[in-house]
Every structure is written in structure tokens, then in C-alpha cells.
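The values are calculated or read from the model by the stated rules, or taken from the named source; none is laboratory data. All values derive from a computational prediction rather than experimental measurement. Using ideal geometry, Cβ is built from the backbone for each residue, glycine included, and neighbour counts are taken over all protein chains shown.
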Amino acid sequence: MNIVFMGTPAFAVPSLRMLLDEGYNVVAVVTQPDRPQGRKKILMPTPVKEVALEHGIPVLQPQRMRSPEAVAEIAAYKPDLIVTAAYGQIVPKALLELPANGCVNVHGSLLPKYRGGAPIQRCIINGESETGVTLMYMAEGLDTGDMIAKVKVAIDEEDTSGTMFEKLSIAGAALLKEQMPRLASGRLEAEVQDEQQATYSPNLKREDEKIDWNASTRDIYNQVRGLVPFSGAFALWNDEVFKVWSTRKSDKASKEAAPGTVLQLTDQGIEVKTGDTSIWLTRVQPSGKKQMEAAEFGRGNTMHAGMVLE
């Protein structure tokens, strides 16, 4: 069986490695084009491309998956099955109809909840205690295809998007491994999604990263960990971006103050008033600086109790 694998970030790597380790015939890998990274803007391969090159597998990197040229390039490998995991582009109908055994996707949520591009981050930001992975047939709609199998994964109180990406990528690879013998036999009976239960998780925007100090301590705590380790959350201090990378919840504020007010700076970090109690900022990043422990920042800067973060 010829398999074409489509994926881009580290989330997709365990699924690709599983297929290779189990001896499946991955004839080509499709991934996003190399992107410039870092201050020097050096072109870097995607994590999936790196694995493919390690194994001598042809790599395709179309700018536009919807183009007839991209579809024809993949069709030339005569795939019987296409497996995707966090590829990053919409797959056109012409490609979905190409393999006899179908196109399947390893999606990082319990569908039909959290369709879309940021299901893991949105789950944490929304304070969910559980998520999972759904193996599904791909359809023209956004994560609307029939569901083959699911696995649930708990979200611990200390989990971030980074830790959950790792947990779910491993769970997704295990789920795919479990279902591959059935997928190899042809198209399977699958469960239609209940549209009444569908929710969406659009890609994060800049406004999703801005802290609203009027929100509850728990909501701010969840927002920060939902944005780690990618963009981080931020506030404004002296009209400059002040990033927050780690926090700790507090049961009560030490005094009455407007939300956003710095209550104290100690070895524990920076205590800030929220909409209900207060929250400790434990790891921060002032504009133009590297990440640092909040206690270290407090000892070397002019921030003091009574100042307001916007």
C-alpha cells in the first residue's frame, strides 16, 4: 500500500515515525515550505521534512495545495492512502478523492468539538480538563469528516499547550497505529459528526494574547498556559509589550486595588490584582529582553507596587 504522509510541525512527527517504524510504505511526504526563522531569518526545514530526509523519502513542499500542479505531483506517487497530521493547508477535493483507501487526519481534539486550527491552545485557554485525538476521514469542510476512532487525554492543572502538544502527538500516533491494519483493508464504517455539538477553534490572533486584568485569576492563568511556549501572553508596561510566560494562582488579593495594579514584588514574583483575586507572575519578558524569572526582573527594574499594567 502506497502511503503519502502530509504534516508540518513536531505534532506530526510521532505519527510519521510510527508508520516508518512499523514498515509501512511511505512513498512521499508533503509539508509546508521552509520558513525563515530567528533573528537572522535562516530558512529552516519543518520537523516533518527533517524526518523524511533522514529516511530518504521524497519531500514535496507546494506553496498552494489547491493548485492543479500540486495535486498532480502527489498523484504521481499513486497513493492508496493519505495520512495527514497538522499539515497546515486545506486539502482540495481532487486530492481527497484520489486514494482508494481515503484520506485520514489525526486531529488534536475530541470532534466535533474544537474544529479548526488551534484546538489544543483553545482547550487550555477555555479551562477544559480533558481533550483528545480524533482519527477521521477528511472532507471538504473544516474538520467535518466522519470519525473513525478517538482517544481521550486529560489536561492537568499545570499543563501548557507545549506539554499537551507532546501528549496528544504521542496519543495520536498510538491511535493511528491501532487503526492502520483496518485502514489498510479499505474504507471503513465511520461515525458521522453531530453538527449540533460542533464548536470551533480558530487560529489565535494578537488580541487573544493580550491579558485583560478584569478577567478572573483562573481565566488569566489558563490564557497564559494556553499560549506557552508559542507566543506567550502580554500586557503593556510603560507603553511597551511586557510578556508573561508563567503564573501562579492566588486565592485572595492582599488589598483592594484596580485590576492590573501591581500589589507587590517579592522573591515569589510579581503579584497583580485581577478581576476577582490576584495572580503571581513568575516568569516574564520585558520588551527587548530575554525571558527571566519575575523575581529577578523585580530586583533590577523600576516596577514597583502601585503601578498599573495595562
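So in region 8-26, with the set limited to residues that are within 18 Å of I74 (Cα to Cα) and among the polar types (S, T, N, Q), which one is nearest to the chain's Cα centre (by Cα)?
Of the residues in region 8-26, the ones within 18 Å of I74 (Cα to Cα) are 8, 16, 24-26.
Still in the running and among the polar types (S, T, N, Q): 8, 25.
Details: T8: 12, N25: 28 Å.
Top of the filtered list is T8.
Taking region 10-88 and the helices (runs of 4 or more DSSP H) fully enclosed by it, the elements with 1 or more residues that are within 26 Å of L168 (Cβ to Cβ) and either in contact with a His (Cβ under 8 Å, 6 or more places away or on another chain) or not assigned by TED's automatic domain parsing to the domain that holds R187 (or both) are at 13-21.
Of these, V224, V262, V272, which one is touching a strand residue (DSSP E or B) at 6+ places or on another chain (Cβ under 7 Å), surrounded by 19 or more Cβ atoms within 10 Å (Cβ to Cβ), outside the structural domain of P119 (by TED's automatic domain parsing) and within 19 Å of Q121 (Cβ to Cβ)?
V224
Each residue in region 103-118 was checked for being out of contact with any helix residue (DSSP H, G or I) (no Cβ under 8 Å at 6 or more places or on another chain), outside any strand (DSSP E or B) and either modelled with pLDDT of 95 or more or of a type in the set (A, V, I, L, M) (or both), and 3 pass. Pairs are defined by a Cβ separation below 8 Å, a sequence spacing of at least 6 or placement on different chains, a first member in region 280-300 that is under 11 Å from F242 (Cα atoms), and a second member that is at pLDDT below 90; the pairs so defined are V284/F297; P286/F297; P286/N301.
Within region 257-310, if we keep just the residues that are of a type in the set (G, A, S) and in a loop (DSSP other than H, G, I, E, B), the residue that is nearest to D219 (Cα to Cα) turns out to be G275. Among the residues of region 185-201, not a single one is surrounded by 19 or more Cβ atoms within 10 Å (Cβ to Cβ) and of a type in the set (A, V, I, L, M). Could you tell me whether R182 is outside any loop (DSSP other than H, G, I, E, B) and assigned by TED's automatic domain parsing to the domain that holds A258? Judged against the criteria, R182 is not a match. The one condition from (1) crowded, with 21+ Cβ neighbours inside 10 Å; (2) farther than 19 Å from M18 by Cβ; (3) in contact with a Leu (Cβ under 8 Å, 6 or more places away or on another chain) that A75 does not meet is (1). Of the residues P58, P14, P33, P45, the single one that is under 16 Å from Q89 (Cα atoms) and either touching a residue at least 60 places away in the same chain (Cβ under 8 Å) or out of contact with any Lys or Arg (no Cβ under 6 Å at 6 or more places or on another chain) (or both) is P33. Residues of region 227-256 being part of a loop (DSSP other than H, G, I, E, B), under 17 Å from I125 (Cα atoms) and either outside the structural domain of K290 (by TED's automatic domain parsing) or aliphatic (A, V, I, L, M) (or both), which ones? Correct list: V228 only. Say whether the condition of being assigned to a loop (DSSP other than H, G, I, E, B), over 19 Å from D21 (Cβ atoms) and modelled with pLDDT of 95 or more is met by at least one residue in region 160-172. The answer is yes, given that some residue of region 160-172 is assigned to a loop (DSSP other than H, G, I, E, B), over 19 Å from D21 (Cβ atoms) and modelled with pLDDT of 95 or more. Filter region 121-152 for residues that are β-branched (V, I, T), surrounded by fewer than 21 Cβ atoms within 10 Å (Cβ to Cβ) and in a strand (DSSP E or B) and give the result. Scanning region 121-152 gives a single hit, V151.
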